[in-house]
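Every number in this text was worked out from the coordinates using simple rules, so none of it is lab data. Just so it is clear, the model here is predicted, and its values are computed rather than measured. Note that we place each Cβ from the backbone using ideal geometry, even for glycine, and neighbour counts take in every protein chain shown.
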Amino acid sequence: MPVAPPRPKAPPLNALRAFEAASRLGGIAAAAAELGVTAGAVAAQVKALEDHLGADLFDRQARGVRLTAVGERAAPSLRAAFDALGEAVQVLRAEAAPGAVHIATLPAVADLWLQPRLAAIRAALPEASLSVTALERPPDLKRIPFDLSLFFLPGGEGRALAADVIYPVCAPALAASLREPADLSRVPCLTDSTWAGDWAMWAAQAVPGWGFTPRGPVFSLYALAMREAVAGAGVLMGHEALVAPALASGALVAPFPTRVRLPRALSLTMLRPARPGSIRARVAELLARG
C-alpha cells in the first residue's frame, strides 16, 4: 500500500498579501487602505500568518509596527513575488478583455482634461471599452490593476503629456479690477486643498519677498473651484493643462504675466509597455496627442 504522508500546509494567500502590503507601506493602516479592507482585518491576517509560522513578523509598538528580523528577511522575496503576480494579472486581463482600458487619474484631470477627450477616443476606437476611476494619489500599478494612470508626477516619471504651469486666472469682469499682484490681497483667492502651496510658489516668483497669504474659500475639488472662478467668485491658481479650454473660450483670463513652471508634468504611466497595435497602446497614443 502506498504511503501518503501529510503535506505541509501553505499559509493563506490573503495573509501573505496583508503582510507584504504592511511591510512595504510601513504600517497596518496604509496596507488596509491599499487593500480596501479595515485595519482590523489586516492585523488579523498578519496575526494568522504569524501563528501559522510560529514566529513574529512585526514588533507591535505604541507608534505602529516594525519588522522583526524574520520579517525583514522574508519581505523582499514576497514583494518580488507579488510584483510578478501583478504583472501576470495584467497580462491575463489584457488577453481576456483586449478592448477594456481602465484609467486611474486625479478627479480634476478626469473632469477637466480627460473627459473632453473621451468622445474623440470613442469615435476613433469604437471597439474600446473605457472606464475611469478618480483617485487622489497615483495607484501602485503592481498591486491595483489599472491599465493607464494619469497624474502630475515629477519630471522623468512616465510619459509627459503636459507641463504643469501655474498662474492666477479669473473671470474677465474681476480681472478688470486687478492691475498688479498686490491687488490679490483685496479679492477672494480660491484654493484647492490638493495644491495648497501653489499660491506661495507663484507669489514668490511674481513678487520676490512678498509673503502673500491667500484669503478665500478652500475646495477639495479643483473642478468646482474652477467653475466658481468662471462665475466670478474669486481668483483661482490655474493649472494650465486644466484651465486651457476656459482660457481659450474667454470664460477665464490671466490678469498677470508671471507664469511658474513646476518640476512636474501631467504624465501617463503603465505597468508594462502596451503591445503595439493593442487597444491600450492606441488609447495611450491618442491621449499623448492631446
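Side notes on the structure shown:
- Selection within the range 54-105: residues that are touching a Phe, Trp or Tyr at 6+ places or on another chain (Cβ under 6 Å) and closer than 19 Å to Pro139 by Cα. The member of this set that is surrounded by the fewest Cβ atoms within 10 Å (Cβ to Cβ) is His102.
- When Ser149 is tested against (1) crowded, with 21+ Cβ neighbours inside 10 Å; (2) in a loop (DSSP other than H, G, I, E, B), exactly one condition is not met: (2).
- Residue satisfying all of: in the range 1-40; part of a helix (DSSP H, G or I) and not hydrophobic (A, V, I, L, M, F, W, C); nearest to Asp140 (Cα to Cα) among these: Glu34
- Within the range 81-127, tally of residues that are under 21 Å from Ala21 (Cβ atoms) and within 23 Å of the chain's Cα centre (by Cα): 12
- Within the range 164-176, one or more residues are β-branched (Val, Ile, Thr), buried (at least 16 other Cβ atoms within 10 Å of the Cβ) and in contact with a Gly (Cβ under 6 Å, 6 or more places away or on another chain).
- Matching residues, the range 180-213, being in contact with an Asp or Glu (Cβ under 9 Å, 6 or more places away or on another chain), in a helix (DSSP H, G or I) and surrounded by fewer than 19 Cβ atoms within 10 Å (Cβ to Cβ): Thr194
- Residues of the range 152-175 that turn out to be part of a strand (DSSP E or B) and closer than 22 Å to Ala94 by Cα, as a count: 1
- Pro139 being touching a residue at least 24 places away in the same chain (Cβ under 8 Å) and more than 21 Å from Asp198 (Cβ to Cβ): yes
- Restricting the range 11-28 to residues that are hydrophobic (A, V, I, L, M, F, W, C) and surrounded by 15 or more Cβ atoms within 10 Å (Cβ to Cβ), the residue that is nearest to Ala81 (Cα to Cα): Leu16
- Summed over the range 235-269, residues that are outside any strand (DSSP E or B) and crowded, with 16+ Cβ neighbours inside 10 Å total 11.
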